[in-house]
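S.K.: Just dropping this structure here.
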Amino acid sequence: MLIVMHHSATDAQIDAVHRAVEAMKLQPVSIPGSQRTAIGVLGNQGYVDDSAILELPGVREVIHVSKPYKLVSRDFHPASTIVDVKGVRFGDGCPPVVIAGPCSIESEAQMLASAQLVKAHGAGMLRGGAFKPRTGPHSFQGLGRDGLKLLRQAGDAVNLPVITEVMRIDQLDDVCRYADVLQIGARNMQNFDLLKEAGRRSHPVLLKRGMSATIEEFLSAAEYLLSEGNSQVILCERGIRTFEKATRNTLDVSIVPLIRNISHLPIIVDPSHATGKRSLVAPMAKAALVVGAHGVMVEVHPDPDKALCDGAQSLDGPAFERLMAEIKGLITYLGY
C-alpha cells in the first residue's frame, strides 16, 4: 500500500500517519526521491482496510500495490539507485561498466595475468571465482579461501575493485573480507537464507537471475536483500533455460528495458554464461548495452583453451581488446 500525502501536509500530519500504520501492526517506509510526499506500507499479508488512513488530515489518496517486490519497485522508490563500488558507479546516467576476468581463479600467475589484461583494455571491475558451483561433483570446484586471497592480491595490483561469488552463509565472512562485491549466482537466487544474510551486510550485492526464474521471482529475490537493509543491489541477466539447445541458455535482453521501467535497481548482462559460446559474447554484450544495460560481465582468460572452467565461453586478450574498442565507440554513440 502507498499513502500519498498532500504537498501541504505538515510534519505532524505525516507523523500521525506513521503512528496509524504502526498501530495496524504494519511498517511505514518513507519514499526517497519522490516528487510527492509518500509513505509506503509493508508487512501486510492481504488486503488492508484503508478507510481509517483516508480520514487522516493531509492524506490525498491510498494506492494499493499488488507487487510482492515493493522495495524494489519504482512505486516505492521512484528515483534510480546508483550503486557505487570504490568509485565505479552502476545506474542511470553512469557510463556502462565492464566487469571482466576468468571464470575461476586457478593460480597466482593466471589471476595476475588476467587482471593486467582486463585493466589494460579498460575494464572497471575484476571478476574471478573462488567457490565454483558446478553441475557435476568431479569438476573443478575452485580454490576456496586461497582463491579469494589471490583475487584480492590481483585486484590491488591493478587498482580494480573485485567481485566473486558466495555460495553459502558460512562463506560470507571470508568473501566480505576479500571482495568488494558479493555475487549471488543463478543457482542461489532463491536461497532465501543466504539472501537475508547478504542483505544484512554492507557490501554491494550482484544478484543473478535464476535459470528458470520469472521476472517477478527475480525481483522478489532482490526484495529479500532490500528488506534486510541493503539497498546496494545490482541485478544481472545471465540467460534462462528454454527448449533451445544451440546455446547454453537463451539470453533475454528484453528484461533490461522492462526492469529499468519497473525497478530502480541497476541491471547488467552476462553474455558469457548466457550463450556459452566465445563467438557470441561480443555481439550479445553490445546488444545488451544498446537496450540499456548498465554494464556487462564477460569472462576473460589469458589462455582460454587451457582454462579449468568455461574456457569455451571465455575471451582471450586480443578478442577482449577488440570488444572493448567496440564498446568504447558504442558508449560514445549512446551519448555517455
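S.K.: It is to be established whether one or more residues within the range 290-303 are surrounded by 15 or more Cβ atoms within 10 Å (Cβ to Cβ) and part of a helix (DSSP H, G or I).
M.R.: no
S.K.: Can you tell me which residue among Val21, Val88, Val59 is assigned by TED's automatic domain parsing to the domain that holds Ala288 and either buried (at least 17 other Cβ atoms within 10 Å of the Cβ) or out of contact with any helix residue (DSSP H, G or I) (no Cβ under 6 Å at 6 or more places or on another chain) (or both)?
M.R.: Result of the check over Val21, Val88, Val59: Val88.
S.K.: Could you go through the range 91-108 and let me know if any residue there is of a type in the set (A, V, I, L, M) and over 16 Å from Glu299 (Cβ atoms).
M.R.: No; the residues of the range 91-108 include none that is of a type in the set (A, V, I, L, M) and over 16 Å from Glu299 (Cβ atoms).
S.K.: Can you tell me how many residues in the range 91-105 are surrounded by 15 or more Cβ atoms within 10 Å (Cβ to Cβ) and in contact with a Ser or Thr (Cβ under 9 Å, 6 or more places away or on another chain)?
M.R.: 6
S.K.: Looking only at the range 223-242, which residues are over 27 Å from Gly276 (Cα atoms) and either out of contact with any Gly (no Cβ under 9 Å at 6 or more places or on another chain) or part of a strand (DSSP E or B) (or both)? Lay out the reasoning, then the answer.
M.R.: First, pick out the residues of the range 223-242 that are over 27 Å from Gly276 (Cα atoms): 223-232.
Result: Glu223, Ser231, Gln232.
S.K.: Any residue in the range 85-105 that's more than 30 Å from Ala312 (Cβ to Cβ): show its pairings with residues that are among the polar types (S, T, N, Q) at Cβ separation under 8 Å, as long as the two are six or more apart or on different chains.
M.R.: Short answer, once both residue conditions are applied: Gly91/Ser80; Gly91/Thr81; Asp92/Ser80; Gly93/Ser80.
S.K.: Which one of the conditions (1) within 15 Å of Gly122 (Cβ to Cβ); (2) touching a His at 6+ places or on another chain (Cβ under 9 Å) does Leu330 fail to meet, given that it meets all the rest?
M.R.: Tallying (1) within 15 Å of Gly122 (Cβ to Cβ); (2) touching a His at 6+ places or on another chain (Cβ under 9 Å), Leu330 fails exactly one: (2).
S.K.: In the range 28-68, what residues are modelled with pLDDT of 90 or more, assigned to a loop (DSSP other than H, G, I, E, B) and either within 28 Å of Ile268 (Cα to Cα) or of a type in the set (A, V, I, L, M, F, W, C) (or both)?
M.R.: Residue satisfying the conditions is Leu56 alone.
S.K.: Next question. Are there any pairs, at least 6 apart or on different chains, whose C-beta atoms fall under 8 Å, with the first in the range 233-245 and closer than 19 Å to Ser220 by Cα and the second acidic (Asp, Glu), and if so, which?
M.R.: From residues that are closer than 19 Å to Ser220 by Cα, the pairs are Cys236/Asp270; Glu237/Asp252; Glu237/Asp270; Arg238/Asp270; Gly239/Asp252; Gly239/Asp270; Ile240/Asp252.
S.K.: Taking only pairs six or more apart or across chains, which ones have beta-carbon atoms under 9 Å, a first residue in the range 141-167 that is within 19 Å of Asp84 (Cβ to Cβ), and a second residue that is of a type in the set (Lys, Arg) and outside any helix (DSSP H, G or I)?
M.R.: Leu160/Lys86; Pro161/Lys86; Val162/Arg127; Ile163/Arg127; Thr164/Arg127
S.K.: For the range 248-283, enumerate the residues that are without any contact (Cβ under 8 Å) to a residue 40 or more places away in the chain, of a type in the set (S, T, N, Q) and either part of a helix (DSSP H, G or I) or surrounded by fewer than 18 Cβ atoms within 10 Å (Cβ to Cβ) (or both).
M.R.: Thr250, Ser254, Thr275, Ser279
S.K.: Does the range 189-222 hold any residues that are part of a helix (DSSP H, G or I) and either over 23 Å from Val253 (Cβ atoms) or in contact with a Lys or Arg (Cβ under 6 Å, 6 or more places away or on another chain) (or both), and which are they?
M.R.: If the condition is that a residue be part of a helix (DSSP H, G or I) and either over 23 Å from Val253 (Cβ atoms) or in contact with a Lys or Arg (Cβ under 6 Å, 6 or more places away or on another chain) (or both), then Phe192, Asp193, Leu194, Leu195, Lys196, Glu197, Ala198, Gly199, Phe218 are the ones that fit.
S.K.: For the range 163-188, how many residues meet the condition of being part of a loop (DSSP other than H, G, I, E, B) and more than 13 Å from the chain's Cα centre (by Cα)?
M.R.: Count: 5.
S.K.: Would you mind telling me which numbered condition in (1) modelled with pLDDT under 95; (2) in contact with a Ser or Thr (Cβ under 8 Å, 6 or more places away or on another chain) Arg127 fails?
M.R.: (1)
S.K.: Right, next: Only one of these conditions is not met by Phe76: (1) within 25 Å of the chain's Cα centre (by Cα); (2) surrounded by fewer than 17 Cβ atoms within 10 Å (Cβ to Cβ); (3) part of a loop (DSSP other than H, G, I, E, B). Which number is it?
M.R.: Of the numbered conditions (1) within 25 Å of the chain's Cα centre (by Cα); (2) surrounded by fewer than 17 Cβ atoms within 10 Å (Cβ to Cβ); (3) part of a loop (DSSP other than H, G, I, E, B), the odd one out for Phe76 is (2).
The values are calculated or read from the model by the stated rules, or taken from the named source; none is laboratory data. None of these values were measured; they are calculated from a predicted model. Note that each Cβ is placed from the backbone with ideal geometry, even for glycine, and that neighbours are counted across all protein chains shown.
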